[in-house]
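The values are calculated or read from the model by the stated rules, or taken from the named source; none is laboratory data. As the structure is a computational prediction, the values presented were derived from the model and not from experiment. Because the Cβ atoms are built from the backbone with ideal geometry, glycine has one as well, and the counts that use them run over all protein chains shown.
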Amino acid sequence: MVASTVTLLPMDQAGARERIQKLLVTGDNRMKQGVAPEKARGSYEQALEVAREAGLEESVRPLVEIRLADLERLTPGSPRSAPPAA
């Protein structure tokens, strides 16, 4: 049995960066348009998950944390998910 590891190629990381950017912008737009806060939160959490899988979590986490804090500040009492895992 041979164990394999998955390593992202530069193009895959570029694709992940693009996906992360789209998810962050989608979440931002949902906040601006007054869509349900859970949908914006979901976009941000998806962006963090994509970043985690691509090995980019360290650079993306602060962006997501700021947005989640803004979301909480703008919609107090909205259902909160667990804080992003460290």
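Please identify the pairs in which a residue from the range 59-74 that is free of Cβ contacts under 8 Å to residues at least 24 places away in the same chain and within 13 Å of residue 40 (Cα to Cα) has its Cβ atom under 8 Å from the Cβ atom of a residue that is among the polar types (S, T, N, Q) and outside any helix (DSSP H, G or I), counting only partners at least 6 apart or on another chain.
Partner pairs satisfying both residue conditions: 72/78.
Looking only at the range 41-62, which residues are basic (Lys, Arg) and more than 8 Å from the chain's Cα centre (by Cα)? Can you show your working first?
First pass over the range 41-62, keeping only residues basic (Lys, Arg): 41, 52, 61.
Matches in the range 41-62: 41, 52.
For residues that are surrounded by 11 or more Cβ atoms within 10 Å (Cβ to Cβ), among the small types (Gly, Ala, Ser) and farther than 18 Å from residue 19 by Cα, scanning just the range 50-86, find the one that is modelled with the lowest pLDDT. Before you say what the answer is, go through the steps one by one.
Narrowing the range 50-86 to residues surrounded by 11 or more Cβ atoms within 10 Å (Cβ to Cβ): 50-57, 59-61, 63-68, 70-72, 74-75, 78, 80-81, 84.
Among the residues that remain, those that are also among the small types (Gly, Ala, Ser) are: 51, 54-55, 59, 78, 81.
Retained after the next criterion (residues that are farther than 18 Å from residue 19 by Cα): 78, 81.
Working: 78: 54, 81: 51.
Among residues in the range 50-86 that are surrounded by 11 or more Cβ atoms within 10 Å (Cβ to Cβ), among the small types (Gly, Ala, Ser) and farther than 18 Å from residue 19 by Cα, the one modelled with the lowest pLDDT is 81.
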